[in-house]
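The values are calculated or read from the model by the stated rules, or taken from the named source; none is laboratory data. Small disclaimer: the values here were computed from a predicted structure and weren't measured. Don't worry about glycine lacking a Cβ; one is built from the backbone with ideal geometry, like all the others, and counts go over all protein chains shown.
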Amino acid sequence: MVPLSNYLVLSAIIFSLGAYGVLARRNAVLILMSVELMLNAVSLNFIAFAAYLDPTKVTGAIFAIFVITVAAAEVGLALAIVIRLFRNRATSNVDEAATLKW
Amino acid sequence: MGAHQAWLLAAIPAGMFVLLALFGRYLPRKGDYLGVLAIGTSFVLFFFVLGDFLHVGPQHWPIVETIQWSNIGSFHLRMGTFVDPITIVMLGVVTTVALMVNIFSIGYMKGEPRYYWYFAVLQLFVAAMLFLVMADNLLMVYMSWELVGVCSFLLIGFYWEKRSATEAAKKAFITTRVGDVGLFIGIILLWKATGTFNIQEIIQQAQAGQIGHTYLFVSVMFVFLGCMGKSAQVPFHVWLPDAMEGPTPVSALIHAATMVVAGVYLTARLLPLFEVASGALLVVTIVGLVTAILTGLMALAQTDIKKVLAYSTVGQLGFMFVALGSGRPDIAMFHLMTHAFFKSLLFLGSGSVISATHHNQEMDRLGGLWKKMPITGTTFLAGCLALSGVIPFAGFWSKDEILHATETWSGGWAFILLSFAAILTAFYTTRLFIRTFMGEPKDREVYEHTHESPLVMTLPLIFLGILTCVAGLVIWNGVGRALGFPGGITEFIFLTEPERYHFDWVLAGASIGIAGVGIFGAAWLYWGNSLEKSTKLAEWNPGLYQLLVRKFYFDDFYQAVIDRGVLGFSYIVAWFDRYVVNDTGVDGSAQITGYSGYILKYLQTGRVPNYAMGIALGVVGLAIAGLVVRG
């Protein structure tokens, strides 16, 4: 059986990649994709812990399903915003969408 | 109706106050006759109380009637009436003088604004004063004590359109308040030591030695502070002369005959405490002596009729305190009674003069009024003779007894000082009479327009004049028995230690001599009553004259203390409030918030990556912090 630590390490790597993408990328669509990576890393963690701690219970799996649901809704909303942004500004660079400030 | 229902005496005027205050202005004649009716009823009921009191006999005195007032946990507060000979004397004095003043006021206050309100407050005052003298516990005493103070304030400031009247009202209220705080502290201290407000229980516990000696002395001194304030003893005397801004009948009732003697009454009531706390009586005597002499000197240079009478009132109250300090509450109450009669007579007489001369009360513009106002003049003369202590007027008997008591008690020094005060009293009284009623009129115009006052004003004068002539005789045991009392007034009051009244010829001679020195001295200086004579006297020693006219600089001293001390302190407090509390505290915190917001707003860049970085760093920071804390 694959030890738990392997799953956790994989999850951490995916999460870090996602975090790096969110921080480093300027394209709104790529940022969204990175956020999805982070969410999936979290889901992986849930599933791994659920299977290892008590396989009879489905708590972790339910959490993962919730995360997927929320992620789907979030992407739907965020992509709509990105489309509106592109329509108005002809760009998807988040640095140029900085009017909401002091 | 008996002594158990004595509370009715106070309840009737109290009810009439409510009626007059609410509806007085709509009643015909503004309800003045209702005021007279209410106090007249109390006056009549007093005789029922007196009859019942004498009927049950000394073995059943005092007559106590109490009801449950309130229960706070295990603490039961009872209130009730306590009728003993001292209360009987006070009830008689208050109802008699109040009735006379009410009748007199109908004439004197005619056509004044707020006529109904004047009579309403008089009712409230009488009710409060009667409650005060009947109270069986200190809490009731304090409540009615404040209530009479409020009435005094309202009536001194009755002509509130005049600035001097409002100032005088404030001064009276604040000055007595200084003493009243002492009284309140004293009451609380006594309650803390004994667990009761009941006066008799406190006295019993004190006499049983259950209160520490120093503790008792301190609490008694605090109570006495209140008595000094109310009775205008030095150094609280400054408010009483200014209180003459009120209507003159009010001066007669409140600031001569009744309210100002509340201090004497309370001290007499609590005298057993003063006796247990050794040294307290000496303080009482010294305060009384200093007051009697200082105010006697101050009265010498006054030119306002009412001010002279006001200073003499303070002085006579000093005499009463000296009597109390000698351990003789009976004599103090006796002098209180005679003084109430002749001093209210003098004040009402001066009111008659003032109203007849169209509000002229400066002696420099009066003179020769006896011919114009025979009834006022004659009754005023009776009052002056009583005040000077001429036999057989009321003042002679009581003053003689006080001198006698001080001589027995102190063995000399207090007697000599008090005799000096008595000479001064006779002197300024004679000066007052000569300059107002005798000689040539100094202001022809004022004189020509003067006329005798109407019957409603002269009748009370005549009644009080008769009392002034005969009231002193109750000192004789024979007179007391003939009236149904168990003896003369000292035996009536001093039941525990009945003393036979002796007429001491030597002392009476000395007393008459004292009065004679004062009267003839003044007559020699002022006879003929010309302005030149008084001017020459004033110029004889300008420094001394200034000292007396400025009343020993008491008022100037207080004014300076208030200006420098109080206002200076207020200035510091105001500075602290403005610059520290307001500018630094209130405005400062707002400015810090505003400025930090101004700086920190630049964190709001509007760039999503910056926010994302913030969140990421925050998470990392939290993780590190968690590791550090967990170890």
Discussion item. Please return the ranges of helices (runs of 4 or more DSSP H) entirely within segment B:539-618 where 1 or more residues are closer than 30 Å to A:Trp102 by Cα and either touching a strand residue (DSSP E or B) at 6+ places or on another chain (Cβ under 6 Å) or of a type in the set (Val, Ile, Thr) (or both).
Written reply: B:588-600
Discussion item. Among (1) under 38 Å from the mean Cα position of the chain (by Cα); (2) at the interface with chain A (Cβ under 10 Å from one of its Cβ atoms), there is one condition B:Val573 misses while meeting the rest; what is its number?
Written reply: (2)
Response to the item:
With the first residue restricted to segment B:553-578 and required to be without any contact (Cβ under 8 Å) to a residue 60 or more places away in the chain, and the second required to be not in a helix (DSSP H, G or I), Cβ contacts under 7 Å at 6 or more apart or on different chains are B:Asp556/B:Arg550
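Residues checked against (1) buried (at least 24 other Cβ atoms within 10 Å of the Cβ); (2) touching a Pro at 6+ places or on another chain (Cβ under 7 Å); (3) assigned to a helix (DSSP H, G or I):
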site	(1), (2), (3)
B:Ala232	yes, no, no
B:His237	yes, no, no
B:Ala243	yes, no, yes
B:Ile254	yes, no, yes
B:Ala268	yes, yes, yes
B:Pro272	no, no, yes
B:Glu275	no, no, yes
B:Leu281	no, no, yes
B:Leu294	no, no, yes
Discussion item. Please pick out the residue among A:Ala72, A:Ala51, A:Ala12 that is within 14 Å of chain B (Cβ to nearest Cβ) and surrounded by fewer than 17 Cβ atoms within 10 Å (Cβ to Cβ).
Written reply: A:Ala12
Fill in: Top-ranked residue in segment B:581-626 [being surrounded by 12 or more Cβ atoms within 10 Å (Cβ to Cβ) and aliphatic (A, V, I, L, M); ranked as farthest from the other protein chains (Cβ to nearest Cβ)]
B:Val581
Discussion item. Need the failing condition index for B:Ile305 against (1) surrounded by fewer than 24 Cβ atoms within 10 Å (Cβ to Cβ); (2) of a type in the set (Val, Ile, Thr); (3) in contact (Cβ under 8 Å) with a residue 60 or more places away in the chain, just the number.
Written reply: (1)
Fill in: Which listed residue is buried (at least 24 other Cβ atoms within 10 Å of the Cβ) and among the small types (Gly, Ala, Ser), from B:Ser144, B:Ser152, B:Ser164
B:Ser152
Worksheet item: What are the residue pairs meeting all of these: first residue in segment B:133-147, first residue among the polar types (S, T, N, Q), second residue in a loop (DSSP other than H, G, I, E, B), Cβ atoms under 9 Å, and 6 or more apart or on different chains?
Response: B:Asn137/B:Thr196; B:Asn137/B:Phe197
Worksheet entry | Leading residue by the ranking (modelled with the highest pLDDT) among those in segment B:475-491 that are buried (at least 23 other Cβ atoms within 10 Å of the Cβ) and part of a helix (DSSP H, G or I) | B:Ile475
Discussion item. Whether any residue in segment B:276-290 is under 17 Å from B:Leu387 (Cβ atoms), out of contact with any Gly (no Cβ under 6 Å at 6 or more places or on another chain) and assigned by TED's automatic domain parsing to the domain that holds B:Asp84 is what I want to check.
Written reply: no
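Rundown of residues vs (1) modelled with pLDDT under 90; (2) over 14 Å from the mean Cα position of the chain (by Cα), yes/no style:
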{"site": "A:Leu37", "(1), (2)": "no, no"}
{"site": "A:Ala51", "(1), (2)": "yes, yes"}
{"site": "A:Ala64", "(1), (2)": "no, no"}
{"site": "A:Ile68", "(1), (2)": "no, no"}
{"site": "A:Val82", "(1), (2)": "no, yes"}
{"site": "A:Arg89", "(1), (2)": "yes, yes"}
{"site": "A:Ser92", "(1), (2)": "yes, yes"}
{"site": "A:Glu96", "(1), (2)": "yes, yes"}
{"site": "A:Lys101", "(1), (2)": "yes, yes"}
Worksheet item: Here are some conditions: (1) part of a helix (DSSP H, G or I); (2) closer than 17 Å to B:Pro85 by Cα; (3) not charged (D, E, K, R). B:Ile434 meets all but one. Which one does it not meet?
Response: (2)
Worksheet item: Taking interchain pairs and intrachain pairs at least six residues apart, which have beta carbon atoms under 8 angstrom, with the first residue in segment A:75-102 and within 11 Å of chain B (Cβ to nearest Cβ) and the second loosely packed, with under 12 Cβ neighbours inside 10 Å?
Response: A:Trp102/B:Lys601; A:Trp102/B:Tyr602
Worksheet item: Residues B:Leu366, B:Leu381, B:Leu348, B:Leu385: which one is more than 22 Å from the chain's Cα centre (by Cα), buried (at least 24 other Cβ atoms within 10 Å of the Cβ) and in contact (Cβ under 8 Å) with a residue 24 or more places away in the chain?
Response: B:Leu366
Discussion item. Going by what's in this entry, would B:Val36 be described as assigned by TED's automatic domain parsing to the domain that holds B:Met143 and in a helix (DSSP H, G or I)?
Written reply: yes
Worksheet item: Say we look at segment B:174-230 and pick out the residues that are assigned to a loop (DSSP other than H, G, I, E, B) and of a type in the set (A, V, I, L, M); which of these is farthest from the chain's Cα centre (by Cα)?
Response: B:Ala208
